[in-house]
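Student: My structure is below; once you've seen it, I'll send some questions.
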Protein chains: 2
Amino acid sequence: MSERVVVALGGNAILQRGQRGTAQEQMANVQHTVEQIVRMIEADYDVVLTHGNGPQVGATLIRHELGSVQIPAMSMDFCGAESQGFIGYMFVQSLSNSLREKGLEKHQPVCLVTRVEVDPHDQAFINPTKPVGPFYTQERALQRMSEKGETWIEDAGRGWRRVVPSPDPARIVESEVIRHLVNDGFVVIASGGGGIPVVVDHNGEYKGVEAVIDKDLAGERLAQEVEADIFMILTDVPQVAINYNTPRQKWLGVMSLREMEALEKEGHFKAGSMGPKVKACLRFVRNGGKRAVIASLEEAIEALQMKKGTQITH
Amino acid sequence: MSERVVVALGGNAILQRGQRGTAQEQMANVQHTVEQIVRMIEADYDVVLTHGNGPQVGATLIRHELGSVQIPAMSMDFCGAESQGFIGYMFVQSLSNSLREKGLEKHQPVCLVTRVEVDPHDQAFINPTKPVGPFYTQERALQRMSEKGETWIEDAGRGWRRVVPSPDPARIVESEVIRHLVNDGFVVIASGGGGIPVVVDHNGEYKGVEAVIDKDLAGERLAQEVEADIFMILTDVPQVAINYNTPRQKWLGVMSLREMEALEKEGHFKAGSMGPKVKACLRFVRNGGKRAVIASLEEAIEALQMKKGTQITH
């Protein structure tokens, strides 16, 4: 039996710092990422992919705002859906080509529009914290706050930025069809950008909400729901470190759940950095997953084989 | 055995003439459309949906152009992919809700990012004819022609408009996974906007192209590839007519392939109107399909039961 791995790809898998964000740049980065993924498929792992969409949905928000002089702008859930289509297209295209080149075309890629259900009573809706889109002037921020009821915060020296709720993912709405496709050998791309956030309202109906779900936490849900053996977060550092950039800096290799939980309690993993990644990994192992991995994109296959990265096991 | 039907939805299924194009308007139209689709599922048909994206991708093109002062604009294939995500989200959301309300939640909706392969030597690439996006001034059109090598044409009195190739769909790249999901009882939404147009280049790799595939012709391919019994085009007229708006006007009801081919040869179905719809239907029946239907969205279920619409059979 092949082992099943859900891979959550960080922003650097699609867009590098300092790039402008042309389609060509993004496609080239995706191609590079896909080469790592194809090595996993070659090594007989069943792979499910998910990815972030920060810079892409940021670009979409700008386009919707600048376009609003002619056509109505749309809310975050619609913008997220657009980014799933666009990023998903890059991945299926690149995977089709790379898999065919390696003679692995029986593993066909498929990208699904994916919704993720959140609790409408999640505390995040009371206290929005996730910055989205570009920085604006105070004037523009105040205008948006009064016109649209949005929340904007000032980032000293850089300007004003919109913040939206980042609720906890409760359930992948499309999990049954995803599980189904993975079982039948397809390489599924799902829950892009953390998924399109929806709640079930008082009539029992799904309704989109203005929020962004952390893609690593959504990836953990996905990993649970497809019964993955391994949950792997690929980012731009080789391992998790504690006391980073101090004389006591220490890279973490193979760690037990208990050891990692102890470090988390001591406050080593910050919200704006490794916090959500470590949290997602701990959840996965706590919920019965075999192993969670945080590693760099470049060392993905070695990390999968336990030679690199931070490994969290029982 | 349930009969399998591929339904190609026209523009009016998502956006009505004269509407501004807010998310709320589009979601309400989709909800109305989905009520018709759910009646088909209730009547035990296996349904696969495809849809146009003209006004939506038009809006996307405007956003990319106006946004290009800050972030790079993307080509038609990327814009089409965005529209598949956005429109697909509206359909899965609305279908989930309506199916649950009717106690039909075992029929789960799923939307796939779908590519459609076209021939790189298709004559359409030499002679672009499909207008996309809004009207512009001559100055802007000339600028785009010289800067980007695009083709623009003048429409007397209304301004200049970009035209792109509209090649014939050769193959739905995702057909295997679609067939698979339909066989297993999912309500699949695929090939939105005629699909993301791709060619296979001289290296044997898929590559996106700047083109728009007619959604009815792509729908016919989809119907063939999922082995549908019925191919149905829903639009805003109750039937196909000949000599429309003349004293000799005649609505067409149940027609044989041969009768309809004869009318087509006589030039009754114009390129800008019923031409591609009739062409797609004739292809479907000629290729062995049981029945093709052109009907109004409002009379969809009656047309499926042969009580309304234009029916083309052997």
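Student: What do you reckon, is B:Glu259 open to solvent by 70 Å² or more (accessible area, probe 1.4 Å), of a type outside the set (Phe, Trp, Tyr), touching a residue at least 24 places away in the same chain (Cβ under 8 Å) and not in a loop (DSSP other than H, G, I, E, B)? Don't jump to the end; show me each part of the working.
Tutor: Numbers: open to solvent by 70 Å² or more (accessible area, probe 1.4 Å): yes; of a type outside the set (Phe, Trp, Tyr): yes; touching a residue at least 24 places away in the same chain (Cβ under 8 Å): no; not in a loop (DSSP other than H, G, I, E, B): yes.
Judged against the criteria, B:Glu259 is not a match.
Student: Can you find even one residue in the range B:11-29 that is touching a Gly at 6+ places or on another chain (Cβ under 7 Å) and closer than 29 Å to B:Ala303 by Cα? First the steps, then the outcome.
Tutor: Our first condition is that a residue be touching a Gly at 6+ places or on another chain (Cβ under 7 Å); within the range B:11-29, this holds for B:11, B:15.
This time we only want the ones that are closer than 29 Å to B:Ala303 by Cα, so: B:11, B:15.
Scanning the range B:11-29 turns up at least one residue that is touching a Gly at 6+ places or on another chain (Cβ under 7 Å) and closer than 29 Å to B:Ala303 by Cα.
Student: In the range B:96-126, how many are among the basic types (Lys, Arg), within 9 Å of chain A (Cβ to nearest Cβ) and surrounded by fewer than 19 Cβ atoms within 10 Å (Cβ to Cβ)?
Tutor: Taking the range B:96-126 as the starting set, the residues that turn out to be among the basic types (Lys, Arg) are B:100, B:102, B:106, B:115.
Now narrow it down to the ones that are within 9 Å of chain A (Cβ to nearest Cβ): B:100, B:115.
Applying the additional criterion that residues be surrounded by fewer than 19 Cβ atoms within 10 Å (Cβ to Cβ) yields B:100.
Total meeting the criteria: 1.
Student: Please go through the range A:51-64 and give me each residue that is touching a Gly at 6+ places or on another chain (Cβ under 7 Å) and within 14 Å of another protein chain (Cβ to nearest Cβ), ordered by number.
Tutor: Filtering the range A:51-64 down to residues touching a Gly at 6+ places or on another chain (Cβ under 7 Å) leaves A:51-55, A:57-59, A:61-63.
Within the range A:51-64, A:His51, A:Asn53, A:Gly54, A:Pro55, A:Val57, A:Gly58, A:Ala59, A:Leu61, A:Ile62, A:Arg63 meet the criteria.
Student: Can you tell me which residue within the range B:65-95, out of those that are at the interface with chain A (Cβ under 7 Å from one of its Cβ atoms) and of a type in the set (Phe, Trp, Tyr), is surrounded by the most Cβ atoms within 10 Å (Cβ to Cβ)?
Tutor: B:Phe86
Student: Further, regarding this structure: Which residue is nearest to the chain's Cα centre (by Cα), if the candidates are limited to the range A:127-162 and must be aliphatic (A, V, I, L, M) and surrounded by fewer than 17 Cβ atoms within 10 Å (Cβ to Cβ)? Write out each step before concluding.
Tutor: The first filter runs over the range A:127-162 and keeps only residues aliphatic (A, V, I, L, M), leaving A:132, A:141-142, A:145, A:153, A:156.
Checking the rest, the ones that are also surrounded by fewer than 17 Cβ atoms within 10 Å (Cβ to Cβ) come to A:142, A:145, A:153, A:156.
On the way: A:Leu142: 30, A:Met145: 28, A:Ile153: 23, A:Ala156: 27 Å.
So, considering only residues that are aliphatic (A, V, I, L, M) and surrounded by fewer than 17 Cβ atoms within 10 Å (Cβ to Cβ), the one nearest to the chain's Cα centre (by Cα) is A:Ile153.
Student: Of the residues that sit in the range A:199-218 and are crowded, with 24+ Cβ neighbours inside 10 Å and either within 11 Å of the chain's Cα centre (by Cα) or within 11 Å of chain B (Cβ to nearest Cβ) (or both), which one is nearest to B:Glu105 (Cα to Cα)?
Tutor: Let us first name the residues in the range A:199-218 that are crowded, with 24+ Cβ neighbours inside 10 Å, namely A:211-213, A:215-216, A:218.
Next, from what is left, pick out any that are either within 11 Å of the chain's Cα centre (by Cα) or within 11 Å of chain B (Cβ to nearest Cβ) (or both): A:212-213, A:215-216, A:218.
On the way: A:Val212: 27, A:Ile213: 25, A:Lys215: 27, A:Asp216: 29, A:Ala218: 23 Å.
Among residues in the range A:199-218 that are crowded, with 24+ Cβ neighbours inside 10 Å and either within 11 Å of the chain's Cα centre (by Cα) or within 11 Å of chain B (Cβ to nearest Cβ) (or both), the one nearest to B:Glu105 (Cα to Cα) is A:Ala218.
Student: Kindly list, by first and then second residue, each pair from a residue in the range B:68-81 that is free of Cβ contacts under 8 Å to residues at least 60 places away in the same chain to a residue that is among the polar types (S, T, N, Q) and assigned to a loop (DSSP other than H, G, I, E, B), limited to pairs with Cβ atoms under 7 Å and residues at least 6 apart or on different chains.
Tutor: Filtered contacts from the range B:68-81: B:Pro72/A:Thr22.
Student: Restricted to the range B:11-50, and to residues that are of a type in the set (D, E, K, R) and more than 13 Å from chain A (Cβ to nearest Cβ), which residue is surrounded by the most Cβ atoms within 10 Å (Cβ to Cβ)? Steps first, answer last, please.
Tutor: Residues of the range B:11-50 that are of a type in the set (D, E, K, R), as a first pass: B:17, B:20, B:25, B:35, B:39, B:42, B:44, B:46.
Those still in the list that are more than 13 Å from chain A (Cβ to nearest Cβ) too: B:17, B:35, B:39, B:42, B:44, B:46.
Working: B:Arg17: 8, B:Glu35: 15, B:Arg39: 16, B:Glu42: 14, B:Asp44: 9, B:Asp46: 22.
Here the residue is B:Asp46.
Student: Inspect the range A:179-192 for any residue being free of Cβ contacts under 8 Å to residues at least 24 places away in the same chain, surrounded by fewer than 17 Cβ atoms within 10 Å (Cβ to Cβ) and within 30 Å of A:Glu42 (Cβ to Cβ) and give the result as yes or no. Let's see the steps before the verdict.
Tutor: As a first pass, look at the range A:179-192 and keep what is free of Cβ contacts under 8 Å to residues at least 24 places away in the same chain: A:180, A:183-184.
Keeping just the survivors that are surrounded by fewer than 17 Cβ atoms within 10 Å (Cβ to Cβ) gives A:183-184.
From the residues that got through so far, the ones that are within 30 Å of A:Glu42 (Cβ to Cβ) too are A:183-184.
Yes, the range A:179-192 contains a residue that is free of Cβ contacts under 8 Å to residues at least 24 places away in the same chain, surrounded by fewer than 17 Cβ atoms within 10 Å (Cβ to Cβ) and within 30 Å of A:Glu42 (Cβ to Cβ).
Student: Continuing with this model, one more query. Given the structure, is B:Ala8 crowded, with 24+ Cβ neighbours inside 10 Å and within 9 Å of another protein chain (Cβ to nearest Cβ)? Full working, then the answer.
Tutor: Numbers: crowded, with 24+ Cβ neighbours inside 10 Å: yes; within 9 Å of another protein chain (Cβ to nearest Cβ): no.
The answer is no for B:Ala8.
Student: Sort out which residues of the range A:219-240 are among the hydrophobic types (A, V, I, L, M, F, W, C) and open to solvent by 20 Å² or more (accessible area, probe 1.4 Å), and write them in order of number. Even if it seems obvious, please write down each step before you answer.
Tutor: Pass one, the range A:219-240, residues among the hydrophobic types (A, V, I, L, M, F, W, C): A:222-223, A:226, A:228, A:230-234, A:237, A:240.
Correct list: A:Val237 only.
Student: Which one of these is touching a Gly at 6+ places or on another chain (Cβ under 7 Å) and of a type in the set (Asp, Glu): A:Glu42, A:Glu82? Talk me through it step by step, then tell me what you get.
Tutor: Working: A:Glu42 fails: touching a Gly at 6+ places or on another chain (Cβ under 7 Å).
Every option except A:Glu82 fails the conditions.
Student: Take the residues in the range B:160-186 that are in a strand (DSSP E or B) and within 14 Å of another protein chain (Cβ to nearest Cβ); name whichever of them is nearest to B:Pro109 (Cα to Cα). Steps first, answer last, please.
Tutor: Step one: list which residues in the range B:160-186 are in a strand (DSSP E or B), which gives B:160-164, B:169-172.
Then drop every residue that is not within 14 Å of another protein chain (Cβ to nearest Cβ), which leaves B:171-172.
Details: B:Arg171: 23, B:Ile172: 19 Å.
Here the residue is B:Ile172.
The values are calculated or read from the model by the stated rules, or taken from the named source; none is laboratory data. Just so you know, these numbers come straight off a predicted model, no measurement behind them. Don't worry about glycine lacking a Cβ; one is built from the backbone with ideal geometry, like all the others, and counts go over all protein chains shown. Areas reflect the complete protein model, heavy atoms only, side chains present, ligands, DNA and RNA absent. Shrake-Rupley method; radii C 1.70, N 1.55, O 1.52, S 1.80 Å.
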